[in-house]
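Trainee: Got a structure here, written out as structure tokens. Questions coming.
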Amino acid sequence: MKIEKLICIVFICLMSCVAKTKINDSCSSYPKKGYVPIDLYDAVEYLNCQWSAKDKREISRLLEDEAVGQLHFGTGISIRNGWGLWQGKNELVKFFNSYGISHPDDMSSIILTSFHRKLNNKDIDFESQVQYYLDYWKPIQEYEEKETKRVLAAYDKYNLGDTITIYMEMDDGNAVVGIGTGYEWTFIPENDLELKGKIIEKTIINDSTNVRLLTHVLHMNKDGIIEILGKKVKLGDTIEVDLKYLRYE
């Protein structure tokens, strides 16, 4: 009986040593500087190797959302910049792109979320993380597609010499444009800007979403100089109007 216990203890010790050796071997295979992981799992393993035991304990004790939010502007920036996520050309970016994830913020958040879950021995659940971002971007993409069709239709509709009426929300004395799928605004003549202008030139810059009209201001429902998207405009001026997100007729 004593011999069996001794054998068991020796076996456990040997297995523990083997496990530690594998972990050490895995970490020692990474270069000290300049390494860029090839996929999510490599990224999580690399972070696990690079972080100290103390730092891992501290971050693992935080709630998941709190941990990811706290790391977004520190470790997250290092991941996005140091691992070339904005350039969009390496294997790590291609890995995320293959699942429909294209924004660097989303990539770094998935990496940090997965790292936190690993530290807490939780399932990374990569599929659900991906689906969360796909669901988030879907209405935005649909909105952008709809907006692109709208401004292209306007480009075809308006001709040189035509008059266009533009409506803009006023915010602290500045005419602004509301953007977003859930944005709602009702024009109030007493508060907001109504501008009528004569189209003297129209262009599409860079891509089909950037439709601009060079417009001579004929009328505004506000007196004096009005700040429109950061530019001071008065009656008789000529301004370049970007139709995207604008309300006009």
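Trainee: Residue check: is Glu145 farther than 19 Å from Thr215 by Cα, part of a loop (DSSP other than H, G, I, E, B) and without any contact (Cβ under 8 Å) to a residue 12 or more places away in the chain?
Mentor: Details: farther than 19 Å from Thr215 by Cα: yes; part of a loop (DSSP other than H, G, I, E, B): no; without any contact (Cβ under 8 Å) to a residue 12 or more places away in the chain: yes.
No; evaluated as a whole, the condition is false for this residue.
Trainee: Let me ask something else about it. For Lys20, only one of the following conditions fails: (1) at pLDDT 95 or above; (2) farther than 19 Å from Ser114 by Cβ; (3) in a helix (DSSP H, G or I). What is its number?
Mentor: (1)
Trainee: Kindly indicate the residue of the stretch 148-186 that is of a type in the set (Val, Ile, Thr) and in a loop (DSSP other than H, G, I, E, B) and also farthest from the chain's Cα centre (by Cα) among those meeting that condition. Explain how you work it out, then say what you get.
Mentor: From the stretch 148-186, those of a type in the set (Val, Ile, Thr) are 148, 151, 163-166, 176-177, 179, 181, 186; that's our starting set.
Filter once more, keeping what is in a loop (DSSP other than H, G, I, E, B): 177, 179, 181, 186.
Numbers: Val177: 20, Ile179: 15, Thr181: 16, Thr186: 29 Å.
Out of the qualifying residues, it is Thr186.
Trainee: In the stretch 209-243, how many are part of a loop (DSSP other than H, G, I, E, B), surrounded by fewer than 14 Cβ atoms within 10 Å (Cβ to Cβ) and without any contact (Cβ under 8 Å) to a residue 40 or more places away in the chain?
Mentor: 6
Trainee: I'd like the residue in the stretch 32-57 that is in a helix (DSSP H, G or I) and of a type in the set (Asp, Glu) and, out of all such residues, is surrounded by the most Cβ atoms within 10 Å (Cβ to Cβ).
Mentor: The first filter runs over the stretch 32-57 and keeps only residues in a helix (DSSP H, G or I), leaving 40-50, 53-57.
Within this subset, residues satisfying the condition of being of a type in the set (Asp, Glu) are 42, 45, 55.
Values: Asp42: 16, Glu45: 18, Asp55: 11.
Result: Glu45.
Trainee: Turning to a different aspect of this structure: In the set Leu112, Leu134, which member is of a type in the set (A, V, I, L, M), surrounded by 12 or more Cβ atoms within 10 Å (Cβ to Cβ) and assigned by TED's automatic domain parsing to the domain that holds Val44? Walk me through it before giving the result.
Mentor: Details: Leu134 fails: assigned by TED's automatic domain parsing to the domain that holds Val44.
The unique qualifying residue is Leu112.
Trainee: Right, another one. For residues in the stretch 116-135 being free of Cβ contacts under 8 Å to residues at least 12 places away in the same chain and part of a helix (DSSP H, G or I), which is nearest to Leu246 (Cα to Cα)? Give the derivation first.
Mentor: Initial filter on the stretch 116-135 (free of Cβ contacts under 8 Å to residues at least 12 places away in the same chain): 121-123, 125, 127-128, 131-132, 135.
Remaining after also requiring part of a helix (DSSP H, G or I): 127-128, 131-132, 135.
Details: Glu127: 37, Ser128: 36, Gln131: 31, Tyr132: 30, Asp135: 26 Å.
Looking at residues that are free of Cβ contacts under 8 Å to residues at least 12 places away in the same chain and part of a helix (DSSP H, G or I), I get Asp135.
Trainee: Okay, moving on. In the stretch 158-177, how many residues are farther than 14 Å from Tyr248 by Cβ and modelled with pLDDT under 95?
Mentor: Within the stretch 158-177, the first condition is being farther than 14 Å from Tyr248 by Cβ, and the residues that meet it are 159-161, 170-174, 176.
After this cut, where a residue has to be modelled with pLDDT under 95 as well, the list is 170-174, 176.
Count: 6.
Trainee: I'm trying to understand the selection: among the residues of the stretch 165-208, which are touching a helix residue (DSSP H, G or I) at 6+ places or on another chain (Cβ under 8 Å) and surrounded by fewer than 17 Cβ atoms within 10 Å (Cβ to Cβ)?
Mentor: Pass one, the stretch 165-208, residues touching a helix residue (DSSP H, G or I) at 6+ places or on another chain (Cβ under 8 Å): 180-181, 202, 204, 208.
Those that are touching a helix residue (DSSP H, G or I) at 6+ places or on another chain (Cβ under 8 Å) and surrounded by fewer than 17 Cβ atoms within 10 Å (Cβ to Cβ): Gly180, Thr181, Ile204, Ser208.
Trainee: Six or more apart or on different chains, Cβ atoms under 9 Å: show the pairs whose first residue is in the stretch 60-82 and surrounded by fewer than 12 Cβ atoms within 10 Å (Cβ to Cβ) and whose second is among the basic types (Lys, Arg).
Mentor: That search, which allows pairs on different chains as well, returns nothing.
Trainee: Select, from Leu85, Leu134, the only residue that is among the hydrophobic types (A, V, I, L, M, F, W, C) and touching a Pro at 6+ places or on another chain (Cβ under 9 Å). Can you show your working first?
Mentor: On the way: Leu134 fails: touching a Pro at 6+ places or on another chain (Cβ under 9 Å).
Leu85 is the lone residue from the list that is among the hydrophobic types (A, V, I, L, M, F, W, C) and touching a Pro at 6+ places or on another chain (Cβ under 9 Å).
The values are calculated or read from the model by the stated rules, or taken from the named source; none is laboratory data. As the structure is a prediction and not an experimental result, all values here were calculated from the model. All Cβ positions, even for glycine, are placed from backbone atoms using ideal geometry, and neighbour counts span all protein chains on display.
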